[in-house]
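As structure tokens, the structure follows; a few thoughts come after it.
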Amino acid sequence: MTVSRALTIAGSDSGGGAGIQADLKTFQELGVFGMTAITAVTAQNTLGVQGVYPLTLEALKTQIDSVAEDLSPHAIKTGMLFNADMIRLVSQQIVHYGWENIIVDPVMVAKGGQSLLQEEAVEALITSLLPLAKVITPNIPEAEVLTGMEIRTLDHRKDAAKRLVDLGAKNVMVKGGHDSTNDVVTDLLYDGHTFHLFEGERKETKHTHGTGCTFAAAITAEISKGNNVLDAIQTAKAFIQSAIEDQLGFGSGHGPTNHWAFNKRNVYR
Ligand SMILES: Nc1ncnc2c1ncn2[C@@H]1O[C@H](COP(=O)(O)OP(=O)(O)O)[C@@H](O)[C@H]1O
Ligand SMILES: Cc1ncc(COP(=O)(O)O)c(N)n1
């Protein structure tokens, strides 16, 4: 039996709810062997980001090479990439190793509002990394930055998704967590031909630290197993819904989600 393996290229979150930590927990819960290449170490808790310490380009490149040359990941997720040089390096490595199952979570700001990507890096994200993405998973503010358009309605999101496909992404998932006008949260996928909606009940909670990371990591895990994009998102949506609903209640700010809730439900249902 082949064990599915996934690599996450992202930042470390000392608080354990987002970034590398969320990705590894999600991979593990979905039965996938997780590997990492760390871009930056952040000092973070539920109240905010107290420090960002980027690694050198050499440190990032060597981690990716070490994984690539011996462990052959079946899918790769990118999260916090911090600056343009790191984005270009990661893009070159993806091309060099011929990797195709690339899930890009275009992380820009933390839930508390602190920047996790330098402003001038957005151009590199659009030109170097986006065309390599099998799936890109912007939230509404990120889709606005990537397209330069204002997004107020579902139709706006559809236009944004089309523009991102025109820029080279194969599948665009514009998440709906930031649209609080409805008690249903709707995530929108555009595969270049058809729009697909994924709905879940909106939970009134401030404990949403790491939801984007966790959702994209679950998509990555499922794609690493050979599942198609639609099936992978279906499972990821159920995973994040459980993780948000089964609150842990840690910290006095934006707390983490519960990464084991999905399996707990499946076991005890
Ligand atoms: N309050 C909520 N209730 C239920 N699902 C949510 C809630 N907030 C976010 N989600 C889901 O979590 C995932 C991440 O969404 P979003 O908040 O848009 O992204 P990000 O964490 O990148 O800002 C999406 O699947 C979204 O539908
Ligand atoms: C290291 C790191 N990466 C990503 C996020 C974004 O988190 P979210 O998933 O809540 O947008 C974060 N807060 N920290």
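The values are calculated or read from the model by the stated rules, or taken from the named source; none is laboratory data. Predicted model, so just to flag it, every value in this text is computed and none were measured. With ideal geometry, Cβ positions are generated from the backbone for all residues, glycine too; neighbour counts draw on all protein chains shown. Side chains are part of the model used for accessible areas, which takes the heavy atoms of the whole protein and leaves out ligands, DNA and RNA. Shrake-Rupley method; radii C 1.70, N 1.55, O 1.52, S 1.80 Å.
Of note, residue 242 does not satisfy the criterion of being in a loop (DSSP other than H, G, I, E, B), farther than 19 Å from residue 33 by Cα and either touching an Asp or Glu at 6+ places or on another chain (Cβ under 9 Å) or among the small types (Gly, Ala, Ser) (or both).
Scanning segment 239-252 for residues that are open to solvent by 20 Å² or more (accessible area, probe 1.4 Å), in contact with a Ser or Thr (Cβ under 6 Å, 6 or more places away or on another chain) and closer than 21 Å to residue 14 by Cβ turns up just one, 251. If you filter segment 217-238 down to residues that are surrounded by fewer than 24 Cβ atoms within 10 Å (Cβ to Cβ) and of a type in the set (S, T, N, Q), you find that the one that is nearest to residue 258 (Cα to Cα) is 235. Scanning segment 8-25 for residues that are open to solvent by less than 10 Å² (accessible area, probe 1.4 Å) and within 12 Å of residue 218 (Cα to Cα), we see that the one that is nearest to ligand 1 (Cβ to nearest atom) is 22. Of the residues making up segment 167-200, those that are under 14 Å from residue 139 (Cα atoms), in a loop (DSSP other than H, G, I, E, B) and either away from ligand 2 (no atom under 16 Å from the Cβ) or in contact with a strand residue (DSSP E or B) (Cβ under 8 Å, 6 or more places away or on another chain) (or both) are 175, 176, 177, 179. Only a single criterion out of (1) without any contact (Cβ under 8 Å) to a residue 60 or more places away in the chain; (2) among the polar types (S, T, N, Q); (3) assigned to a loop (DSSP other than H, G, I, E, B) is not satisfied by residue 234, namely (3). If I filter segment 3-17 for residues that are away from ligand 2 (no atom under 12 Å from the Cβ), of a type in the set (D, E, K, R) and outside any helix (DSSP H, G or I), do I get at least one hit? Scanning segment 3-17 turns up at least one residue that is away from ligand 2 (no atom under 12 Å from the Cβ), of a type in the set (D, E, K, R) and outside any helix (DSSP H, G or I). Scanning segment 117-129 for residues that are crowded, with 20+ Cβ neighbours inside 10 Å and within 16 Å of ligand 1 (Cβ to nearest atom) yields a total of 2.
Summed over segment 134-166, the residues that are buried (at least 21 other Cβ atoms within 10 Å of the Cβ), in contact with a strand residue (DSSP E or B) (Cβ under 9 Å, 6 or more places away or on another chain) and over 21 Å from residue 181 (Cα atoms) give a count of 4.
Across segment 94-112, the qualifying residues are those that are in contact (Cβ under 8 Å) with a residue 40 or more places away in the chain and farther than 21 Å from residue 131 by Cβ, and the one among them that is surrounded by the fewest Cβ atoms within 10 Å (Cβ to Cβ) is 112. Figure legend. Inter-residue proximity from segment 245-263: first residues on the phi > 0 side of the Ramachandran plot, second residues outside any loop (DSSP other than H, G, I, E, B) and not aliphatic (A, V, I, L, M), beta-carbon distance below 8 Å, spacing 6+ or different chains. Indicated pairs: 251/45. For segment 49-59, indicate whether the set of residues that are crowded, with 21+ Cβ neighbours inside 10 Å and within 11 Å of ligand 2 (Cβ to nearest atom) is non-empty. Checking segment 49-59: at least one residue is crowded, with 21+ Cβ neighbours inside 10 Å and within 11 Å of ligand 2 (Cβ to nearest atom). Among the residues of segment 207-228, those identified as in a helix (DSSP H, G or I) and either within 11 Å of ligand 2 (Cβ to nearest atom) or of a type in the set (Gly, Ala, Ser) (or both) are 211, 212, 213, 214, 215, 216, 217, 218, 221, 224. Tell me whether segment 108-116 contains one or more residues that are in a strand (DSSP E or B), closer than 20 Å to residue 218 by Cβ and within 13 Å of ligand 1 (Cβ to nearest atom). Scanning segment 108-116, I find no residue that is in a strand (DSSP E or B), closer than 20 Å to residue 218 by Cβ and within 13 Å of ligand 1 (Cβ to nearest atom), so the answer is no.
If residue 110 meets every condition in (1) modelled with pLDDT of 95 or more; (2) closer than 18 Å to residue 209 by Cα apart from one, which number is that one? The number of the failed condition is (1).
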